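Every number here is computed from the coordinates shown, using simple stated rules; none is lab data. None of these values were measured; they are calculated from a predicted model. A quick note on method: Cβ atoms are made from the backbone with ideal geometry, for glycine too, and the neighbour counts reach across all protein chains shown.
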């Protein structure tokens, strides 16, 4: 992120509680375009809650989060949107990769990727062309007609990455994307995720317990008990 460029995502004072449990407590983050950020912390520290708020899956009790546009136009306050508006935002401008991929088992690899475009009104033919291009770019040429059960764990995760990228999102969120993979496959998947996201100038936010995954990112945000204790900038607390 350059010094005069607005952050892609900027959040201030995010707080979220579930009954008597505090998941986030006055958390503020700023993530630039083309940046890769790992979110780490012990179980229950608020990692997933922070990701869910920043991506518009849930609303915070307090605070605000903005997604700034690629072209420098006015930002969208994610936290002020209705549930329907947030769902549309996720379809059109945000990509997701999950630990288990969450591919639809009855669809082929190409169909799993194409459906992300078709839900936004893109024709099947155009969606399948784009899906094929992304699968080829991620080293899956020739596997387009295979269903998830016919793919290895690493191949299935690359299909999930293609599905996340095919809509050209401005931000990609990944929740433990290598958690179910061996160390060698994890590295291949991480490299594919980083290259496919950062090469487009998009931002990548990864929730992980794996120090090797965090080491591959440009910085790491650390949480404890709902608090951000280190934002990875090297000036935290000064």
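Please state the shape class of region 26-107: rounded when a/c is under 1.5, otherwise prolate if a/b exceeds b/c and oblate if not, all from the C-alpha gyration tensor.
It comes out rounded by the Cα gyration axes.
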Top of 44, 132, 142 by mean-square fluctuation, Gaussian network on the chain, Cα under 10 Å: 142
Computed over region 84-238: relative contact order in percent, which uses C-alpha pairs under 8 Å that are six or more apart: 25 percent
GNM result for the chain, Cα springs below 10 Å: residue of 128, 170, 106 fluctuating most strongly: 106
Would you kindly state how much longer the chain becomes between residue 21 and residue 183 on full extension, computed as 0.36 nm times their sequence separation minus their alpha carbon distance, in nm to one decimal? 54.9 nm
Förster-model FRET efficiency, 30 Å R0, residue 191 and residue 82, C-beta, rounded to 0.05: 0.20
How far apart, in nm, are two points set 7 Å out from the Cα along the Cα-to-Cβ line at residue 107 and at residue 145? 1.9 nm
I need 205, 9, 57 ordered by Cβ neighbour count within 10 Å, fewest first. 57, 9, 205
Rounded to whole Å, give me the distance from the Cα center of region 208-229 to that of region 8-62. 12 Å
With each label point set 7 Å from Cα along the Cα-Cβ vector, what nm distance links residue 61 and residue 126? 4.5 nm
Per-residue [θ]222 nm for the chain (sum of -39500 (n - 2.57) over DSSP H runs n ≥ 4, rounded to 500): -10000 deg cm²/dmol
Extension gain from residue 152 to residue 218, taking 0.36 nm per residue of separation minus the Cα-Cα distance: 20.9 nm
If I build a Gaussian network model for the chain, linking alpha-carbon pairs within less than 10 angstrom, which residue out of 121, 46, 139 has the largest mean-square fluctuation? 121
